[in-house]
Amino acid sequence: MEEIFAWADDHKEKGRPWGLLTPKQKVILREMHDRRCFTTGRLDWAWKQIAEFARCSLDTLSKALTRFEDLGLVKRWRRTIPVPNPAPGEPTTLQISNGYELGLPEKVAAIVASKLKKVAQVFLPPVPAPREPSEQEQAALGAQLAAKPTGDPAVDARRAHYLEASIQRMNARRNAGTFSADRDSAS
């Protein structure tokens with residue numbers, strides 16, 4: 001939306017207060033964009049509903065939609081439903097609310113595409129590989145798990161066993177002098 005508005009403002013003529021879109025038309029376009037179906041890109045709201053969302057009159061909405069079509073921002077198509085058992089000479093279809101599809105003018109689409117290419121070229125630093133938890137972290141995690149009894153004796157016994165095993169491994173490493181604190185104090 002911001003690229004559309006910037007493109008419209010770039011076309012401001014001398015002596016005019018705004019570019020291709022008035023401030024109210026920008027509000028209407030934003031409301032239409034925000035209320036469209038994001039999977040299909042269609043907007044099937046009636047004029048009255050769109051006017052209520054944008055807080056404008058039906059006349060303002062009509063002029064805005066005509067302007068949007070002229071600029072290539074909106075495609076409008078008539079939607080009809082068949083009339084069951086029409087009388088002879090009566091219409092066989094009944095028009096319901098128009099459908100709209102929001103689009104981009106070619107110039108705006110080119111600007112957006114170039115910006116997306118620049119974003120794709122941004123070099124992101126590599127993500128470091130996850131490190132293995134230390135013995136202290138494993139012991140702390142084991143203590144947390146062991147502190148929460150589950151009510152299942154087999155699970156509680158297994159947790160207690162893993163906690164005890166990690167504490168024994170940590171003590172064995174400490175006794176072997178492999179911790180950096182033990183090496184610093186020994187020298």
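The values are calculated or read from the model by the stated rules, or taken from the named source; none is laboratory data. Keep in mind it's a predicted model, so treat the numbers as computed, not measured. Positions of Cβ are backbone-derived with ideal geometry, glycine not excepted, and every protein chain shown enters the neighbour counts. Note: accessible area is taken over every heavy atom of the protein model, side chains too, but ligands, DNA and RNA are not part of it. Shrake-Rupley method; radii C 1.70, N 1.55, O 1.52, S 1.80 Å.
So if R0 is 45 Å, what FRET efficiency would Asp59 and Lys107 give, r being the distance between their Cβ atoms, rounded to the nearest 0.05?
Computed FRET efficiency for Asp59 and Lys107: 0.95.
Relative contact order for the chain using alpha-carbon pairs under 8 Å, separation at least 6, rounded to a whole percent?
Result for the chain is 14 percent.
Quote the Stokes-Einstein diffusion coefficient, in whole µm² s⁻¹, for region 42-121, based on the Kirkwood radius over alpha carbon pairs, a temperature of 4 °C and a viscosity of 1.567 mPa s.
This corresponds to a translational diffusion coefficient of 84 µm²/s.
Please list the helices of the chain that count as membrane-span-like by this rule: a mean Kyte-Doolittle hydropathy of at least -1.0 together with Cα atoms stretching 15 Å or more along the helix axis, each helix being a complete DSSP H run.
In the chain, the long hydrophobic H runs are 58-71, 106-121, 135-147, 153-176.
So how do 156-163, 130-137 stack up, highest first, on mean other-Cβ count within 10 Å? If you can, show how the numbers build up before the last one.
Values: 156-163: 14.8, 130-137: 10.5.
Taking the mean over residues of other Cβ atoms within 10 Å, the ranking is 156-163, 130-137.
Once the other residues with Cβ under 12 Å from the Cβ of Ser166 are scored (Lys, Arg +1; Asp, Glu -1), what is the net sum?
Once all neighbours under 12 Å are counted, the net charge is 0.
If I model a spin label at Ser114 and Glu2 as a point 7 Å from the Cα along the Cα→Cβ vector, what separation in nanometres do I get?
Result: 1.7 nm between the two label points.
With all protein chains present, how much of the accessible area of region 1-46 (probe radius 1.4 Å) comes from carbon and sulfur, to the nearest whole percent?
It is 54 percent, rounded to a whole number.
Pull out the extension gain between His161 and Arg131, defined as 0.36 nm times the separation in residues minus the alpha carbon to alpha carbon distance; nm, one decimal.
Working: separation 30, 0.36 × 30 = 10.80 nm, distance 2.43 nm.
Extending this stretch completely gives an extra 8.4 nm.
One-quarter of the Cα convex hull surface for region 1-80, in nm²?
Its Cα hull, projected and averaged over all orientations, spans 5.8 nm².
Mind ranking 89-98, 72-81 by how tightly packed they are, going by the mean number of other C-beta atoms within 10 angstrom, highest first?
Ranking the peptides 89-98, 72-81 by packing returns 72-81, 89-98.
Accessible area per residue of region 22-123 at 1.4 Å probe, in Å²?
Heavy-atom SASA per residue in region 22-123 reads 68 Å².
Starting from 0.36 nm per residue, how many nanometres of slack lie between Lys12 and Ala87 once their C-alpha separation is accounted for?
My answer for the length gained is 21.6 nm.
Taking Rh as the Kirkwood radius computed over C-alpha pairs, what is the Stokes-Einstein D of the chain at 4 °C in a medium of viscosity 1.567 mPa s, expressed in µm² per second?
Once the numbers are plugged in, D ends up at 54 µm²/s.
Go ahead and collect, in residue order, the members of region 86-116 whose backbone nitrogen is under 16 Å from a label point 7 Å along the Cα-Cβ direction of Thr80.
Residues 86-99 qualify, since their backbone N sits under 16 Å from the label point.
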